[in-house]
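Written out below as structure tokens is the structure these notes cover.
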Amino acid sequence: MINKWRSSYLIMLGIAILLVGLAGCKSEPNSSSPHVISSDGLAYKETRLTEEDIVKTLKANNVELTADPADSYFKLNHVKPSIYALPGKERIMVYVYDNAKDTKKARLDFAEKTKVMDVNSPLFYNVKNVLILYQPNVSGERPQEKTAYHSGIESSIEQLLGDEIYIQHFKYYNLVKWKSFINSFTNHQADQLKITSLTIEGDPIYIYLTTDGTKLQYVYDNSEDAYGGGDTGDSITECTNIEQEKTEEGNIRYVATGCQIGDKRYIMTVPEDSMKKDSRI
């Protein structure tokens, strides 16, 4: 009887240990998965773009692409580009990565590979996890103003950004998403927003706003800012509202307020005329 009881006890103990072990196991983060920032049940989920997404949108904006598999160009951050020819001996190189952070490494890789070469530097365009290089057949300063396809590429990027606002050298892409997010938050609807701002040196700083209709999660990530000093990394807090302030320069500064950490958290500053130029905002 005792042996039977002892055997049952050992079996139960073994099952308990197995269950505890399984519960304690955590899968290692997969670097190939879309970037996810989460806290207290809220999560920002990155949407990856494919080459097909890029090509389809470019063609819809009158960028006349023709695949050119015979052509070659630099492999950047371990990725070979798909190359497309354009009229006038121009071309576009499309690099698709696992996440947005890999596109920065690709830019650095290009700078390293061409630093001692006499290369006609292409125009660079970032959109989520994709890096687009456009080689126009023009020379001199500000080539984007002289080529026929720059505006079509920029229009494509705005359409592909989805829930992201991209800010580069005082140029704002996809600001219409801001109005959409504010409407969702005001009407207690779930939504998410990512704001990518490039520093003067070209390093991205990310702000993620996520709402489930009741709570507002704010994430600030400057982990890729090479000049951020020792104060770099992710910080996450929960806030209650979004407010706007007028700056001395006449711009509009948006802040998250009622935050658990820091009370006010900076979101972005937008020139007032930028908001007026787009009738959708």
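Listing for the model above:
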item	result
Matching residues, the stretch 175-193, being polar (S, T, N, Q) and surrounded by fewer than 20 Cβ atoms within 10 Å (Cβ to Cβ)	Ser180, Asn183, Ser184, Thr186, Asn187, Gln189
Out of Lys215, Lys264, Lys246, Lys171, sole residue that is basic (Lys, Arg) and closer than 22 Å to Lys128 by Cα	Lys171
In the stretch 221-233, residue modelled with the lowest pLDDT [restricted to those that are of a type in the set (D, E, K, R) and open to solvent by 10 Å² or more (accessible area, probe 1.4 Å)]	Asp231
Lone unmet requirement of (1) closer than 20 Å to Leu161 by Cβ; (2) modelled with pLDDT of 55 or more for His35	(2)
Any hit, the stretch 202-212, residues being among the aliphatic types (A, V, I, L, M) and within 30 Å of Phe110 (Cα to Cα)	yes
Failed criterion for Ser156 (all others in (1) open to solvent by 40 Å² or more (accessible area, probe 1.4 Å); (2) in contact (Cβ under 8 Å) with a residue 40 or more places away in the chain hold)	(1)
Which numbered condition Gly258 fails, given (1) of a type outside the set (A, V, I, L, M, F, W, C); (2) in contact with a Pro (Cβ under 8 Å, 6 or more places away or on another chain); (3) under 22 Å from Gln192 (Cβ atoms)	(2)
Unique residue being open to solvent by 10 Å² or more (accessible area, probe 1.4 Å) and part of a strand (DSSP E or B) when the list is Tyr218, Tyr208, Tyr172	Tyr172
Some residue of the stretch 234-250 being surrounded by fewer than 17 Cβ atoms within 10 Å (Cβ to Cβ), under 20 Å from Glu164 (Cβ atoms) and under 20 Å from the mean Cα position of the chain (by Cα)	yes
Scan of the stretch 159-169 for residues that are open to solvent by 40 Å² or more (accessible area, probe 1.4 Å) and of a type outside the set (S, T, N, Q), ordered by number	Gly162, His169
Criterion violated by Thr196 - all others in (1) touching a residue at least 40 places away in the same chain (Cβ under 8 Å); (2) open to solvent by 10 Å² or more (accessible area, probe 1.4 Å); (3) within 13 Å of the chain's Cα centre (by Cα); (4) more than 19 Å from Cys259 (Cβ to Cβ) satisfied	(2)
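The values are calculated or read from the model by the stated rules, or taken from the named source; none is laboratory data. It should be emphasised that the depicted structure is a prediction, and the values quoted were computed from it without experimental measurement. Note that we place each Cβ from the backbone using ideal geometry, even for glycine, and neighbour counts take in every protein chain shown. For accessibility, only protein heavy atoms count, side chains too; no ligands or nucleic acids. Shrake-Rupley method; radii C 1.70, N 1.55, O 1.52, S 1.80 Å.
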